[in-house]
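Let me begin by presenting the structure, written as structure tokens, before commenting on it.
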Amino acid sequence: MRIEQDIKLDYKDVLFKPKRSKLESRRNVDLNREFKFHNSGQTWTGVPIMASNMDGVGTFSMAKALQEQNMITVMRKHYTVDDWQKNAKGLKLKNVSVCTGTGVIWDPDAPDFATMKAVLAMYPDIPFITVDVANAYHENYGDFIAKLRDEYPDKTIIAGNVITGEMTEELIIRGADIIKCGIGPGSVCTTRLQTGVGVPQLSGIIECADAANGIGGHIIADGGCVYAGDVAKAFGAGAHFVMLGGMLAGYDESEGDVVDGKIQFYGMSSDAAMSKHGSRKDGYRGAEGKVVQLPHRGPVAPQLVEILGGVRSACTYIGARRIKDMPKCTTFVRCTQQVNQVFNAFG
């Protein structure tokens, strides 16, 4: 047993230190980034914010809303081929990722993997494959990524989740292009309570980004953002992409039922998700997610404006003309309280 003595920080523990800027307006900030991916060799240009592949977030309706801002949606892996055929019309495929788990390792007929293959055959212009598991530290996960790379050499593979530098490097070496980083920071995730495992998100992102940059890879800050300022902090910490779940939940595009003005939102390892999707709970697996009732928030478009506006404003405070420039313009200061709570202005 050992203890790392240096303090690990979360988004709430820091603020950007403002500095002189030659930017005249938020309009001068370029939120688009162009990426060339290490293993696929492909390029992508857009606003590097993603909707998570969660029920209520990674939906067709959400994808069609986010593509208007040139953002990416990772589609929930429980959609069927029929769902794709009925709803894919109007999707900008360059802004979409198909998603699968690794169940095919044990079950050759795993429906999510079969759907992924069928969808990519029908829509070959989809550039991204996301391989979503809660714990990507298993050796067989790295083997799976290597085999997927051989099968789809020209697809940009998103792999995760991890939150340490050495595993970020390992998955990139095995064939992934973008690593999803975050263990337990999500708003409806209880992994840290149930297992005691995790690393505070800001410090984890700094470590993982440093590791990925060293070998030409990229990372996603996945989970933990509550406010637009947290999205900006993730970019300042070095994340190439930021993935949002709870910040995009509860809207019209969630495709959930509205009951008494509320929409249900739950973690994908919750009892609710396992019951809905028939996941096994065979005595070896506990629930690592919770269920919440969110107020129905209407269309998501105003929320996207708020998020992008917050990032733009952060850039003007620190002198960054582009999202790409944010890490080199960032100085974080540690704090014990980031906002005046006297009127509970932000809840």
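Coordinate-derived values only; no laboratory data. Computed from a prediction, not measured in an experiment: that's the story for all the values here. Because the Cβ atoms are built from the backbone with ideal geometry, glycine has one as well, and the counts that use them run over all protein chains shown.
Pairing the Cα long axis of helix 165-174 with the longest principal axis of the chain, what angle in degrees results, from 0 to 90 and rounded to the nearest 10? Around 40 degrees separate the two axes. In the neighborhood of Gly250, defined by Cβ-to-Cβ distances under 13 Å, what is the net charge if each Lys or Arg adds +1 and each Asp or Glu adds -1? Taking every Cβ under 13 Å from that of Gly250, the sum is -3. Positive end of the dipole of the range 207-340, charges at C-beta (+1 Lys, Arg; -1 Asp, Glu), about the Cα centre: which of Gly286, Ala239, Met326 has its Cα farthest in that direction? Looking along the dipole axis, the top candidate is Met326. Compared with the dominant Cα axis of the chain, that is its longest principal axis, helix 201-214 is turned about 80°.
With a Cα cut-off of under 25 Å and a minimum spacing of 8 residues unless on different chains, the lysine pairs in the range 1-86 number 6.
For the range 196-347, would you read off the P(r) tail past 29 Å as a percentage of all alpha carbon pairs? Write down the numbers at each step before the final one.
On the way: 3580 of 11476 pairs.
Roughly 31 percent, once rounded to a whole number.
Neighbouring Cβ atoms within 10 Å as the yardstick, rank Ile172, Ile178, Ile263 fewest first.
Values: Ile172 25, Ile178 30, Ile263 21.
By the 10 Å Cβ count, ascending, the order reads Ile263, Ile172, Ile178.
Specify whether the C-alpha gyration tensor of the chain places it in the rounded, prolate or oblate class, a ≥ b ≥ c being the square roots of the eigenvalues: rounded for a/c under 1.5, otherwise prolate if a/b is larger than b/c and oblate if not. Taking the square roots of the gyration eigenvalues as a ≥ b ≥ c, the chain is rounded.
Treating only the Cβ atoms of Lys and Arg (+1) and Asp and Glu (-1) as charged, compute the dipole magnitude of the chain about its Cα centre; round to the nearest 20 debye. Intermediate results must be reported in sequence, preceding the final value.
On the way: 39 positive and 39 negative charges, 253 e Å.
The calculation lands at about 1220 debye.
Close amide H contacts of Gly160 (hydrogens built in the peptide plane, cut-off under 5 Å, sequence separation of 5 or more or a different chain): Val131, Val133, Lys180. Amide H contacts of Ala249 (H built 1.01 Å from N, in plane; Pro and chain starts excluded): no residue 5 or more places away or on another chain comes under 5 Å.
Before rounding to the nearest 500, sum -39500 (n - 2.57) across all DSSP H runs of length at least 4 in the chain and divide by the residue total; then give [θ] at 222 nm in deg cm²/dmol. Helix contribution divided over all residues of the chain: -9000 deg cm²/dmol. Between the helical axis of 301-318 and the longest alpha-carbon principal axis of the chain there is an angle of about 40 degrees.
Neighbour counts of C-beta atoms inside 10 Å place Phe332, Phe144 in the sequence Phe332, Phe144, starting with the fewest.
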